[in-house]
Amino acid sequence: MTTRPGIHETPDVFDPRLYARGVPHDRYRVLRDHHPVSWQAEPAVLGWPEGPGFWAVTRHADVVRVLKDPSAYSSHLGATQIRDPDPADLPFIRAMMLNQDPPAHGRLRRLVSRAFTPIRVETFERAARARAVSLLTQAVAAHDVVDLVTAVTDDYALLNLADLLGVPESDRTLMLDWTRRVIGYQDPDDAAEADESPSGGPPVNPRSPAALADMFAYADELAAHKRAHPADDVMTTLATDPELTAPERQMFFFLLTIAGNDTVRSAAPGALALLAADPAAYRQLRTGAVDPTTATDELLRRHPPVLSFRRTATEDTRLAGTRIARGDKVVVLHASANHDERVWPDPFTLDLTRTPNPHVSFGDGPHVCLGAHFARLQLRVLYEETGRILPELSLAGAPRRLVSNFINGIKELPVHVG
């Protein structure tokens with residue numbers, strides 16, 4: 001591993017186990033103030049091998065600069081996860097829209113955008129609201145203390161996405177299994193359930209062709225079904241688009257299933273935990289004293305669903321005065337950027353009226369989240385109905401967090417609902 005200056009002078013923000021205790025905001029603050037672009041080691045951890053290290057980007061302005069400049073910071077060269085993929089898997093991983101640069105990325109983005117029509121959005125909001133009411137009502141009726149993740153947010157995210165895609169009801173649990181496998185691979189609980197590695201061998205990369213074979217086979221079957229039985233859903237649109245190849249369709253199904261599910265699945269319980277810990281803010285939301293759309297963005301700023309995304313430098317360059325070599329990994333830290341005192345003087349105050357609010361929870365630049373509008377819609381509806389159905393919301397125990405340096409996940413959120 002190449003030695004870099006300052007490696008022992010900066011706090012570690014790589015270890016996935018840190019995030020099980022909470023987002024390491026104290027460490028982020030040290031980096032923003034003293035080492036805004038800091039070299040981070042990648043030691044072997046949780047069964048995963050050592051990596052070469054990367055540059056962690058912590059200030060808002062620098063994060064935005066990286067995300068907006070794909071010519072200097074590529075999504076394609078090494079893909080978008082901190083860990084380097086197996087070289088044999090890299091061509092496969094690069095085929096996903098998330099891991100492409102312009103102009104190829106723009107072509108795929110335009111094709112999938114056709115599926116998100118205004119009429120579909122309007123219909124989707126009505127269905128999401130009915131689902132939120134149903135899940136919250138059942139949760140309140142059944143218990144005085146309830147885990148909102150199990151009772152509400154997991155099913156809310158999953159079933160909304162299944163409706164949008166057009167996945168039959170009998171197959172919907174598959175989507176949650178796939179999401180846990182891909183998103184929770186660093187967490188010992190989820191990894192143990194999905195472990196397909198040979199006894200004593202290294203873990204199987206959840207984004208490798210072998211690990212995704214069953215998902216892709218299902219995508220092909222579903223597309224064939226939609227061509228024979230078209231419906232008003234996203235998979236019918238993708239299945240009947242003559243410009244999409246079968247591998248591109250498979251990759252879209254993967255991206256929509258995983259990213260579409262886990263964005264809401266991670267953001268929602270994080271926001272509800274914040275509201276449960278701040279009765280005054282929850283009262284504002286519940287009584288209609290704040291615009292729910294503005295409130296949703298503030299909750300997203302405080303609890304972004306994604307913690308990090310990786311780019312690879314295409315050339316020797318400088319960022320915040322730091323020299324970055326061609327081929328180096330450059331990792332933006334969303335939760336750090338969202339709490340940068342240079343942009344928000346009071347970043348840890350939950351201000352549901354805050355505007356403007358230039359958070360990067362959905363990224364920025366050409367790769368800004370394609371489903372951001374749908375995610376915001378689902379979250380806003382869920383918070384509106386939570387405030388209407390739950391007059392009081394308070395924590396009944398500490399949230400249990402995902403072991404991950406990628407997803408800002410909460411596995412359990414026990415609350416009093418009386």
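Brief remarks follow.
- Being at pLDDT 95 or above, among the charged types (D, E, K, R), part of a loop (DSSP other than H, G, I, E, B) and surrounded by fewer than 18 Cβ atoms within 10 Å (Cβ to Cβ) holds for only one residue in ARG342, ARG318, and it is ARG342.
- Taken as a whole, the condition of being within 22 Å of the chain's Cα centre (by Cα), surrounded by fewer than 17 Cβ atoms within 10 Å (Cβ to Cβ) and not in a strand (DSSP E or B) does not apply to ARG83.
Rundown of residues vs (1) in contact (Cβ under 8 Å) with a residue 60 or more places away in the chain; (2) out of contact with any helix residue (DSSP H, G or I) (no Cβ under 8 Å at 6 or more places or on another chain), yes/no style:
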residue: PRO49; (1), (2): yes, yes
residue: LYS68; (1), (2): yes, no
residue: ALA79; (1), (2): yes, no
residue: ALA88; (1), (2): no, yes
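- Residues of region 135-155 that are without any contact (Cβ under 8 Å) to a residue 60 or more places away in the chain and either farther than 20 Å from GLN378 by Cβ or of a type in the set (Asp, Glu) (or both): ALA141, ALA142, ASP155.
- First in region 108-134 and within 26 Å of MET96 (Cβ to Cβ), second anywhere and open to solvent by less than 50 Å² (accessible area, probe 1.4 Å) and polar (S, T, N, Q), Cβ under 6 Å, 6 or more apart: ALA115/THR237
- Qualifying residue in region 161-171 (condition: among the acidic types (Asp, Glu), touching a residue at least 60 places away in the same chain (Cβ under 8 Å), surrounded by 20 or more Cβ atoms within 10 Å (Cβ to Cβ) and assigned to a helix (DSSP H, G or I)): no
- Taking (1) on the phi < 0 side of the Ramachandran plot; (2) open to solvent by 20 Å² or more (accessible area, probe 1.4 Å) in turn, GLY327 satisfies each apart from (1).
- Region 22-49, subset in a loop (DSSP other than H, G, I, E, B) and at pLDDT 95 or above, residue nearest to the chain's Cα centre (by Cα): VAL23
- Taking region 11-42 as the range and being open to solvent by 50 Å² or more (accessible area, probe 1.4 Å) and of a type in the set (Lys, Arg) as the test, the residues that pass are ARG17, ARG21, ARG27, ARG29.
- ASP154 being part of a helix (DSSP H, G or I), under 26 Å from SER208 (Cα atoms) and either open to solvent by 40 Å² or more (accessible area, probe 1.4 Å) or at pLDDT 85 or above (or both): yes
- Selected residue [basic (Lys, Arg), within 18 Å of ALA259 (Cα to Cα) and touching a helix residue (DSSP H, G or I) at 6+ places or on another chain (Cβ under 8 Å)] from ARG401, ARG376, ARG354, ARG388: ARG376
- Tabulated pairs, region 210-237, first under 16 Å from VAL112 (Cα atoms), second part of a helix (DSSP H, G or I) and open to solvent by 70 Å² or more (accessible area, probe 1.4 Å), C-beta under 9 angstrom, 6+ apart or interchain: ASP232/ILE119; MET235/HIS225; THR236/ARG227
- Scanning region 264-309 for residues that are open to solvent by 10 Å² or more (accessible area, probe 1.4 Å) and part of a strand (DSSP E or B) gives VAL306, PHE309.
For every residue, the table says whether it meets (1) crowded, with 21+ Cβ neighbours inside 10 Å; (2) not in a helix (DSSP H, G or I).
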| position | (1), (2) |
| --- | --- |
| PRO366 | no, no |
| LEU379 | yes, no |
| ARG388 | no, no |
| VAL403 | yes, yes |
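- If only residues of region 94-120 that are surrounded by fewer than 19 Cβ atoms within 10 Å (Cβ to Cβ) and of a type in the set (Val, Ile, Thr) are counted, the one that is nearest to ALA79 (Cα to Cα) is THR117.
- Test: PHE253 is under 14 Å from the mean Cα position of the chain (by Cα), of a type in the set (Phe, Trp, Tyr) and surrounded by 20 or more Cβ atoms within 10 Å (Cβ to Cβ): no
- Number of the condition not met by ILE119 [criteria: (1) of a type in the set (Val, Ile, Thr); (2) assigned to a helix (DSSP H, G or I); (3) closer than 30 Å to PHE14 by Cα]: (3)
- Among the candidates SER336, SER394, the residue that is touching a Phe, Trp or Tyr at 6+ places or on another chain (Cβ under 6 Å) and either at pLDDT 95 or above or over 30 Å from PHE254 (Cβ atoms) (or both) is uniquely SER336.
The values are calculated or read from the model by the stated rules, or taken from the named source; none is laboratory data. What you are looking at is a predicted structure, and each value in this text was computed from that prediction instead of being measured. Here Cβ is always computed from backbone atoms with ideal geometry, including for glycine, and neighbour counts include all displayed protein chains. Heads up: the accessible areas ignore ligands, DNA and RNA and are worked out on the full protein's heavy atoms, side chains in. Shrake-Rupley method; radii C 1.70, N 1.55, O 1.52, S 1.80 Å.
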